[in-house]
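Structure first, commentary second.
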């Protein structure tokens, strides 16, 4: 089952994001979870990172929630909100 994870950063949190980025990327690469897509969200000018979007494959909602909670960004308190929604992969990308 696929899950869309939308994370919104707390205001004025770029220093925290930068300080935990390497650990976050290491978690994504080494977690063993299939990541379909992952990347930061930005403002309209593409100058400021505002959060993260991920699409992962997990057995169920509980597994997706546990995985999201284990992200070093989440553990560091970077996010003001996290939304996890089941999603269908209808048209695969290239």
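The values are calculated or read from the model by the stated rules, or taken from the named source; none is laboratory data. The model shown is predicted, which means the values in this text are computed figures rather than measured ones. Note that each Cβ is placed from the backbone with ideal geometry, even for glycine, and that neighbours are counted across all protein chains shown.
Just to be sure I understand the filter: pairs with C-beta atoms under 6 Å, separated by 6 or more residues or on different chains, first member in the stretch 55-68 and on the phi < 0 side of the Ramachandran plot and free of Cβ contacts under 8 Å to residues at least 60 places away in the same chain, second member surrounded by 15 or more Cβ atoms within 10 Å (Cβ to Cβ) and part of a loop (DSSP other than H, G, I, E, B). Which pairs pass?
56/33; 67/33
Which one of these is out of contact with any strand residue (DSSP E or B) (no Cβ under 9 Å at 6 or more places or on another chain) and at pLDDT 95 or above: 72, 40?
It is 72.
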